[in-house]
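Peer 1: Structure incoming, see below.
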Amino acid sequence: MTYRFNTPGETRQMLDVIGAPSVEELFEQVPAELRLDRPLNLPPRLCEIELEQHVAGLATRNIGRNGRMCFLGGGVYDHFVPAAVDAIAGRSEFYTAYTPYQAEASQGSLQAFFEYQTLICQLTGMDVSNASLYEGGTAVSEAVFMAMRCSKRHSRIVVLGSVHPEYRSVVSTYLGRLKCELVTVPTPNGTADLSAIESAVDDQTACVVVQSPNFFGCLEDVTAIAHIAHRHGALAIQSFDPISLGVLKRPGELGVDIAVAEGQGLGIPMQYGGPFLGILACREQFVRQMPGRLIGETVDRNGKRCFVLNLQAREQHIRRDKATSNICTNQGLLALRATVYLSLVGPQGLREVAELSTARAHYAARTLSSLDGFDLAFDRPFFKEFTLRCRNGADASIAAARTAGFDIGPALRRVDANADSNLLLVAVTECRSKEQIDALAAALRAV
Amino acid sequence: MRNTQATKLLFELSQAGRRGNEFPRPDVPDAVADCLPAKFLSDERPALPELTEPDVIRHFTNLSTLNMSVDTHYYPLGSCTMKYNPKRHERLASLPGLVDLHPYQSETDLQGMLGLLFELQEMLAEIAGLPAVSLQPAAGAQGEFTALLVASAYFRDRSENRTKVLFPASAHGTNPASAALAGFDCVQLKPSGSGFVDLDELRSKVDDQTAVFMITNPNTLGLFERDIAEISHILHDAGGLVYIDGANMNAILGITRPGDFGGDMMHYNVHKTFTGPHGAGGPGAGPIAVRDFLADYLPGPIVTRDAESGTFALTNPEKSIGRVRSFFGNVGILLRGYFYLRTLGADGLRTASEDAVLNANYLKTLLHDVLPVPNGGRCMHEFVASAETLKHERGISAMDLAKRLLDYGFHAPTVYFPLVVPEAVMVEPTETESKATLDAFSAAVHQIATEETDFVHNAPHTTPVSRPNEVQAARQPVLKWQCGSDCK
């Protein structure tokens, strides 16, 4: 049987050492009346050939980026994943290692995560980064809980309506049992109206959460929003797109206190929604309220530089119910992917990825909005993604594009039940050429 | 062979002007300066290091050689189930038809994926003996948190205001942390001398404010809670629910089921029991299974199958608590769990648990003279020994033993957990190790017990670094690379 070591002879020898007559007897602690008296009802087991053929069969029933040109957005993007990222993340010394609690036997992972923290600080202009959270939505939630601890305010959270609806849903779920009001500032014009934020934030507000580029693709005036938050003693939290920082101002420059992101664009495949990478970075003064693991530099007994899990007294395995978060398992391997990706592209490469995405997205927006029946929903600056209004409905346009071999969307209605059914997102990364954009336009012209 | 020259950080290798990747030349007339108002644009490039692809590959390849890993070393890490991670999983999970799927593409184009996830939901329900499954939680801790919110919604629906979550002293730290995060009051039972939940202590703490009792079974001492049925009765009689922390499911696959021994909710650690690799800390996947009366509260989406057409769709349970994360879940890890379940089948899973328990009892017996187990008798898939005698008689602590084992080429067991055992050494051999490996591990422990105390206390001696100064790390935290004086 696959992966089985113990032969009947060895099993006998081991039982003799234990002093047990049978393997069955080893389970004596499990009361007989609680035992399952039948085999589990599972599909028959498959050998490697059978498994491969079975799974390949299932895979051919999926048509993703391999079969259609991907202009999909909404928080997951078809950015390029360099082969070198796969090569390093595919090294089993990394992917079959455990959490680096034994520092002496884990310097490879620890140094890589220390480098990850440094790269995220360089990228964002923030002071400190943790070693990863689950994904973008929980990163926002963790930041909100962190802001409540930092501000010592627990009764009011202000979130802009232009924050990804799934992230807002996660925050709402996380706050479920707490007596904390979650106030959503409407953003009918694609970005927030500063006076609406001003009237939503009061002196009991723990934080203001802004996403920029936001769910509609538009850029928010983060600096002004952070000012409003700070004037009321609240923290400013920005959810950002790491790729955008090749051209856009960094969260650190914009004056936010906690910067969070979905890190999928940094060398992580789309894989139907996960595993991804939750990024969380903050100002120095808040470090002891951070959730999740932190790697620190120190020296060993010989004075040699080395790396350890640091400030663990914040974490659940030490602090239990007083921990800053319940997170234990994080997204180490995805943080490694981001580390390798950022090392490869460097400052110039990241700028080029961001510039190409911006330029081609704007070309696409001009081209598609010039078609009869289509226009841009919002007259606002945007990065690599924009909201298209379709006279004949978002779903009809998505269907027409799909038939012609293109995936666009999502329809806003798919993500937010209250959204206008004529609106959809189009995202353009460095992987989409002018030729492909023109072909998409030709397909939509027929709608 | 380890490259002893490779000791620099990425940032120290950087040379201005190097690059590791090129991108297509602009093919549209639009320029960024014309697209976006200047106030949004950064004046300078991010201060990332500048490296070639060969720089990057050599750097990270050399770093990888500084790790112990399941593929290179024996990893008897208690509570972590460090079993072998099959290579076929890695290849299959990378198929373009599985890895290149966007969460917002049409469900029509996802029928293979949704069918697979539906089948996984069904298999996890069968193994749990609990009919409703959500694959959404990203890890075990998030599964706990999710289930507690499900319980909370259920009680709210019944107009019951229950505020307390109970757990034994030996519980994983995530249990109280998840309960506190969800807004419950945490009540920890007093440790019992036996290693099992003390029923009188439990009865004295359970009342009409009790929402959930969280219990790991087999527990963190590697013992099956023999009174689990009575424990469940106590909770159910008081109107509460029983949560099974599934971290130790590797001991009981196909032998007994949480739903059959009184659990109302549970999580799996797919990255432990079903061998999604640990990835040096993650990703995991923490799907939960619950009783039918809790199904309507699960986070969505759930995969459903239309009985007539056979097509699969995403649906949200009627009274769902909402999302606990964006998108479907940690699908890449769920896939690996699916591959594992399909490879082993019912008999393979049962055999895996039998071998895990056999290996644990064998190693426990071999080590008994040096590392006695305070809560004696048989163990399940792991055991918690105590190095107290070793420390008392030889001055060798659990930490010393752990560190010295690294020199012998073995990863250390979990030490100082659970807190209820002094000088705890928690050993989980797993089933994917041979008798010869267990014998060698035992021989190493016995050898260490005879070694000179100071020598062991200063271990490890052969690892890339010796014991780190953790006090300095905590006092003056250095959490990112600092430019030296030669830095531009």
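Here, each number is a calculation from the coordinates, and none is a lab measurement. The structure presented is a predicted model; accordingly, all values stated were derived computationally and were not measured. Note that we place each Cβ from the backbone using ideal geometry, even for glycine, and neighbour counts take in every protein chain shown.
Peer 1: Is there a simple number for the mean count of other chain Cβ atoms within 10 Å of the Cβ of residues in B:315-322, and what is it?
Peer 2: Working: counts 0, 0, 0, 0, 0, 2, 3, 9.
That works out to 2 on average.
Peer 1: What does the highest-first list of B:173-186, A:377-390, A:336-349, A:132-145 look like by mean Cβ count within 10 Å? Present the calculation step by step, with values, prior to reporting the outcome.
Peer 2: Values: B:173-186: 24.6, A:377-390: 22.4, A:336-349: 26.7, A:132-145: 29.6.
So the peptides B:173-186, A:377-390, A:336-349, A:132-145, ranked by packing, come out A:132-145, A:336-349, B:173-186, A:377-390.
Peer 1: Could you let me know the centre-to-centre spacing of the stretch A:1-43 and the stretch B:12-53, using Cα atoms, in angstrom?
Peer 2: Here the answer is 60 Å between Cα centres.
Peer 1: Moving on. How big is the gap, in Å, between the Cα center of the stretch A:237-280 and the Cα center of the stretch A:141-190?
Peer 2: Value for the Cα centre distance between the two parts: 18 Å.
Peer 1: Inside 10 Å of the C-beta atoms of B:408-415, what's the mean count of C-beta atoms belonging to other chains? Please list the in-between numbers first.
Peer 2: Details: counts 0, 1, 1, 6, 4, 0, 3, 2.
Mean partner-chain Cβ count within 10 Å for B:408-415: 2.
Peer 1: Report, to the nearest 10°, how far helix A:332-369 tilts away from the longest principal axis of the Cα atoms in chain A, using its own Cα long axis and a range of 0 to 90°.
Peer 2: 30 degrees
Peer 1: Quick one: if you stick a label point 7 Å off each Cα along the C-beta vector at A:Ser421 and B:Thr389, how many nm between them?
Peer 2: Between A:Ser421 and B:Thr389, the simple spin-label model gives 7.5 nm.
Peer 1: Here is a further query. Per residue of the stretch B:226-233, in order, report the coupling 6.51 cos²θ - 1.76 cosθ + 1.60 (Karplus, θ = phi - 60°) as ³J(HN,Hα) in whole Hz, putting x for Gly and Pro.
Peer 2: The phi angles translate into 5, 9, 4, 5, 5, 4, 5, 4 Hz.
Peer 1: Could you list which residues have their amide H under 5 Å from that of A:Tyr134, counting only those 5 or more apart in sequence or on another chain, with H placed in the peptide plane?
Peer 2: A:Gly278
Peer 1: Pull up all non-local amide H partners of B:Asn217: gap of 5 or more, or a different chain, and H-to-H distance under 5 Å with H placed in the peptide plane.
Peer 2: B:Asp245, B:Asn248
Peer 1: Provide the packing ranking of B:194-205, A:361-372, A:200-211, i.e. peptides ordered by the mean count of other C-beta atoms within 10 Å per residue, highest first. Please list the in-between numbers first.
Peer 2: Numbers: B:194-205: 16.2, A:361-372: 19.5, A:200-211: 22.4.
Going from most to least packed, we get A:200-211, A:361-372, B:194-205.
Peer 1: Would you list which lysines come within 28 Å of B:Lys364, measuring only between C-alpha atoms, while excluding same-chain residues fewer than 8 positions from it?
Peer 2: B:Lys83, B:Lys190, B:Lys272, B:Lys391, B:Lys403, B:Lys435
Peer 1: Excluding residues fewer than 8 places away in the same chain, name every one of the lysines whose C-alpha is closer than 16 Å to that of B:Lys480.
Peer 2: Answer for B:Lys480, where 16 Å is the Cα cut-off: B:Lys8, listed by chain and number.
Peer 1: Report the calculated FRET efficiency for B:His446 and A:Arg445 (r = Cβ-Cβ distance, R0 = 56 Å), to the nearest 0.05.
Peer 2: Working: r = 79 Å, r/R0 = 1.40.
The formula returns an efficiency of 0.10 here.
Peer 1: Just counting partner chain Cβ atoms within 10 Å, what average do the residues of peptide B:85-93 show around their Cβ? Spell out each step's value before the answer.
Peer 2: Numbers: counts 4, 4, 2, 7, 2, 3, 3, 8, 3.
Per residue, the average neighbour count from other chains is 4.
Peer 1: Additional query: Select from A:Ser129, A:Ser162, A:Ser199 the residue whose mean-square fluctuation is largest in a Gaussian network model of chain A (Cα-Cα springs shorter than 10 Å).
Peer 2: A:Ser199
Peer 1: According to a simple spin-label model (label point 7 Å from Cα along Cα-to-Cβ), what is the distance in nm between A:His154 and A:Glu253?
Peer 2: With each label point 7 Å from Cα toward Cβ, the separation is 3.9 nm.
Peer 1: Please report A:Arg231, A:Arg413 as a ranked list, fewest other C-beta atoms within 10 angstrom at the top and most at the bottom.
Peer 2: Numbers: A:Arg231 11, A:Arg413 17.
The order, fewest Cβ neighbours first, is A:Arg231, A:Arg413.
Peer 1: Arranged from highest to lowest average of other beta-carbon atoms within 10 Å per residue, in what order do the peptides A:295-305, A:219-229 appear?
Peer 2: Numbers: A:295-305: 17.5, A:219-229: 21.0.
Put in order of decreasing packing, that is A:219-229, A:295-305.
Peer 1: Okay, next question. Among B:Phe383, B:Leu438, B:Leu401, which residue has its Cα furthest toward the positive end of the charge dipole of the stretch B:350-472, with +1 on Lys/Arg Cβ and -1 on Asp/Glu Cβ?
Peer 2: Final value for the positive-end residue is B:Phe383.
Peer 1: Sort the stretch B:171-242 into rounded, prolate or oblate with this rule: let a ≥ b ≥ c be the square roots of the eigenvalues of the Cα gyration tensor; rounded if a/c is under 1.5, and if a/c is not under 1.5, prolate when a/b is larger than b/c, oblate otherwise. Numbers along the way, then the final one.
Peer 2: Working: a/c = 1.70, a/b = 1.14, b/c = 1.49.
Taking the square roots of the gyration eigenvalues as a ≥ b ≥ c, the stretch B:171-242 is oblate.
Peer 1: In deg cm²/dmol, rounded to 500, what helix-only [θ] at 222 nm does chain A give when every DSSP H run of at least 4 residues adds -39500 (n - 2.57) and the total is split over its residues? Each step should come with its number before you reach the end.
Peer 2: Values: 16 runs with 171 residues, N = 447.
It lands at -11500 deg cm²/dmol.
Peer 1: Before anything else, pin down the relative contact order of the stretch B:350-472: Cα pairs under 8 Å, at least 6 apart, normalised by residue count, whole percent. List each step's numbers first, then the result.
Peer 2: Values: 188 pairs, mean separation 35.5, N = 123.
Relative contact order of the stretch B:350-472: 29 percent.
Peer 1: Could you pull out every one of the lysines with an alpha carbon less than 27 Å from that of A:Lys384, ignoring same-chain neighbours closer than 8 positions?
Peer 2: A:Lys249, A:Lys434, B:Lys39
Peer 1: Follow-up question, since we're still on this one. Give, rounded to the nearest 20 debye, the magnitude of the charge dipole that chain A has about its Cα centre when Lys and Arg contribute +1 at Cβ and Asp and Glu contribute -1 at Cβ. Don't skip to the end; give the middle numbers.
Peer 2: On the way: 43 positive and 48 negative charges, 95 e Å.
Approximately 460 debye in magnitude.
Peer 1: If you average the alpha carbon positions of the stretch A:62-92 and of the stretch B:169-227, how far apart do those two centres end up, in angstrom?
Peer 2: 43 Å
Peer 1: Between A:Arg4 and B:His461, what's the calculated FRET efficiency when r is the beta-carbon distance and R0 is 35 Å? Round to 0.05. Please report the intermediate quantities before stating the final value.
Peer 2: Numbers: r = 36 Å, r/R0 = 1.02.
Working from the Cβ atoms, E equals 0.45.
Peer 1: Using amide H atoms built 1.01 Å from N in the peptide plane, name the residues 5+ places from B:Gly279, or on other chains, whose amide H lies under 5 Å from its own.
Peer 2: A:Thr96, A:Ala97
Peer 1: Next question. Using unit Cβ charges (K, R positive; D, E negative) and no other charged atoms, how large, in debye to the nearest 20, is the dipole of the stretch A:83-341 about its Cα centre?
Peer 2: Numbers: 22 positive and 24 negative charges, 163 e Å.
Dipole about the Cα centre, nearest 20: 780 debye.
Peer 1: Could you point to the residue in A:Tyr77, A:Gly303, A:His232 farthest towards the positive end of chain A's charge dipole, with +1 and -1 charges on the Cβ of Lys/Arg and Asp/Glu respectively?
Peer 2: A:His232
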